[in-house]
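The values are calculated or read from the model by the stated rules, or taken from the named source; none is laboratory data. Because the structure is a prediction, the values reported are computed rather than measured. Neighbour counts run over all protein chains shown; Cβ positions are idealised from the backbone, glycine included.
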């Protein structure tokens, strides 16, 4: 069982909708991540939160808006998405963001997003 | 430019047929090399961390090794349940930003009974 929980597992939305993806971890990890993954491709980093502050934004379009309300929760707000944004969105956490073990990520099962 | 390259892209084995997956990397400020396993429709699952050349890690039928430019994932006597995509990733620490994992494209392993 994964210790990173993502909801919803599946989401279908129109290009004018506003929706949110949610992620929760209770391992005391201080770094949380959003990744986007297309079929047959590796995960692609979108955002990194270190100690609840946004530390890395990989030039992601503003229609994706991350939020970290506390050390256990991570949200990704979606607005005016395009069909090419359809993908598996993965949340991950690591113990710390700034040490060698920050590459040991615990991933959730992902939210499968379809934009019509 | 930092880069991680995996080969082969796909590998088909018979049950019990041992083989190796390759991961070559060119990363400045490398702080670790990581292996993950990903089943279809699921998030990647962490397998191993390697920090320095010569290091080896083992878990059941899997053994990961590291040289200064490559890492190998050796699979001994694989079983059908080992079928998955194996991802290699290198950690680069970016000043004032923390760690960034650079993933390879993955090797899709299929083990037939």
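Summary table below
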| item | result |
| --- | --- |
| Residue B:12 vs. criteria more than 15 Å from the chain's Cα centre (by Cα), more than 30 Å from residue A:49 (Cα to Cα) and assigned to a strand (DSSP E or B) | yes |
| Scan of segment A:1-31 for residues that are in a loop (DSSP other than H, G, I, E, B) and under 11 Å from residue A:108 (Cα atoms), ordered by number | A:1, A:2, A:3, A:9 |
| Members of segment A:50-71 found to be touching a strand residue (DSSP E or B) at 6+ places or on another chain (Cβ under 9 Å) and either in contact (Cβ under 8 Å) with a residue 40 or more places away in the chain or not in a strand (DSSP E or B) (or both), listed by number | A:50, A:51, A:52, A:55, A:58, A:60, A:62, A:63, A:71 |
| Some residue of segment B:71-83 being within 11 Å of chain A (Cβ to nearest Cβ) and under 10 Å from the mean Cα position of the chain (by Cα) | no |
| Any hit, segment A:104-114, residues being away from chain B (no Cβ under 12 Å) and assigned to a strand (DSSP E or B) | yes |
| Qualifying positions in segment B:47-61 - loosely packed, with under 12 Cβ neighbours inside 10 Å and within 11 Å of chain A (Cβ to nearest Cβ) | B:52 |
| Residue that is more than 12 Å from the chain's Cα centre (by Cα) and within 13 Å of chain B (Cβ to nearest Cβ), where the choices are A:62, A:50 | A:50 |
| Positions within segment B:68-77 being under 20 Å from residue B:91 (Cα atoms) and either surrounded by 15 or more Cβ atoms within 10 Å (Cβ to Cβ) or without any contact (Cβ under 8 Å) to a residue 12 or more places away in the chain (or both), in sequence order | B:70, B:71, B:72, B:73 |
| Test set (1) modelled with pLDDT of 95 or more; (2) away from chain A (no Cβ under 11 Å); (3) under 25 Å from residue A:90 (Cα atoms) - residue B:44 fails condition number | (2) |
| Set A:74, A:81, A:88: member being more than 13 Å from chain B (Cβ to nearest Cβ), out of contact with any helix residue (DSSP H, G or I) (no Cβ under 8 Å at 6 or more places or on another chain) and not in a loop (DSSP other than H, G, I, E, B) | A:74 |
